[in-house]
Amino acid sequence: MIGDVPGLAVLEYDAADFAIIRPGQFVLCAVSGARIDLQDLKYWSARWQEAYRGAEEATAAYLRHQNPVAEDDIARHD
């Protein structure tokens, strides 16, 4: 379970800052899964309660949330 990762912090994201719910050293990027040390965390979404490694991941998450495509909606040609 992801909550059992040693050093993983649990945060509550607000528009301008975040609150530490469970202390830790890092969070995981919602897009890439990369570790983000708390002192380096600059991108997150209060709306979706997700952290992002950088602007590229934040943009990818925004686009994914704005235009979700279910796997079943993708045409497959085998």
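In this structure the amide hydrogen of TYR43, modeled in the peptide plane, comes within under 5 Å of the amide hydrogens of TYR52, none closer than 5 places in sequence on its chain.
Heavy-atom accessible area per residue, the stretch 19-59, 1.4 Å probe: how many Å²? Mind dumping the intermediate values first?
Details: 2570 Å² over 41 residues.
Using a 1.4 Å probe on heavy atoms only, each residue of the stretch 19-59 averages 63 Å².
In this simple spin-label model, placing a label point 7 Å from the Cα along the Cα-to-Cβ direction at both ARG35 and GLU56 gives a separation of 2.0 nm. What shape does the stretch 1-66 take by its C-alpha gyration tensor, where a ≥ b ≥ c are the square roots of the eigenvalues and a/c under 1.5 counts as rounded, a/b above b/c as prolate, and the rest as oblate? It is prolate, given that a/c is not under 1.5 and a/b is the larger ratio.
Only protein atoms count toward the accessible area here, which uses a 1.4 Å probe; on the stretch 20-72, the carbon and sulfur part of that area reaches 49 percent.
The values are calculated or read from the model by the stated rules, or taken from the named source; none is laboratory data. A quick note: this is a predicted structure, and the numbers were derived from the prediction, not measured. No Cβ is skipped: glycine too gets one built from the backbone with ideal geometry, and neighbour counts run over all protein chains shown. Please note that ligands, DNA and RNA were not included when accessible areas were found on the heavy atoms of the full protein model with its side chains. Shrake-Rupley method; radii C 1.70, N 1.55, O 1.52, S 1.80 Å.
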